[in-house]
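Just below is one structure, and these are the notes that go with it.
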Amino acid sequence: MSEVREEVRRHYAEAAKRVEAGGGCGCGAGACCEDGQAFGAALYDALERAELPDAAVLASLGCGNPTAVAELRDGETVLDLGSGGGIDVILSARRVGPAGKAYGLDMTDEMLGLARRNAAEAGIANVEFVKGYMEDVPLPDGSVDVIISNCVINLSADKPRVFAEMARVLRPGGRIGVSDVVASDELTPVDRAERGSHVGCIAGALSFAEYEAELVRAGFVDVGVTPTHQVADGMFGAIVRATKPFTGRS
């Protein structure tokens, strides 16, 4: 797991540095945002992009728009796993309003610094960016209402641990609204690796059946994994929804 994590950390640290230098996300061959229509800021509508700092838009490396998926409500507490340049945290903070709060979790110092500057430029006060790993979230049990994530869970080498942590920090009745890359059930892990790298958001992707099974195993109910667009042969951007039950295991 440490080798994959370090590869991912280096890739996103370099992406943040490129944005700070005035460039784009630094897409290269195999990069998560290589396809401008399947990944990145193009997946947000023009109105949302217009309300964001340029650096937040340029740093967008995701495969969807989880803030729309999560149906955020006024006063809720939101956690964004792998918050990058802060685009989804800023949008979430606006949706939950002053009575709510949006946390951004990232393991990369460069992205955390960029996100904090973007939030300050946007004039957003109800945000907090914390350093950590999605396999070991530095927040208390039952402390958030909603978890979002944008094309990041596929990067983890220990997804069952990620799902267990999501269940732990959610309050009973809390929900997840995630955008991620998911593989066709017919593709083997070898097939997925042939289509791209971990940092390219391909090699580490779960299949639809695996994703649903792991969420159920972590204690979630009302699990749904719905494809939205193809990002490679047999690989799809997908919307992932699930709920933590009021009773039962977490």
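Readers should treat all values here as calculations from the given coordinates under stated rules, not as data from a laboratory. None of the values given here were measured: they were computed from a predicted structure. Cβ: placed from backbone, ideal geometry, glycine included. Neighbour counts: every protein chain shown.
In terms of its C-alpha gyration tensor, segment 109-250 comes out oblate, because a/c is 1.5 or above while a/b does not outweigh b/c. Specify which residue in the list Ala205, Gly113, Leu215 is farthest towards the positive end of the charge dipole of segment 90-225, using unit charges on the beta carbon of Lys, Arg (+1) and Asp, Glu (-1), about the Cα centre. Comparing the listed Cα positions along the dipole, Gly113 ranks first.
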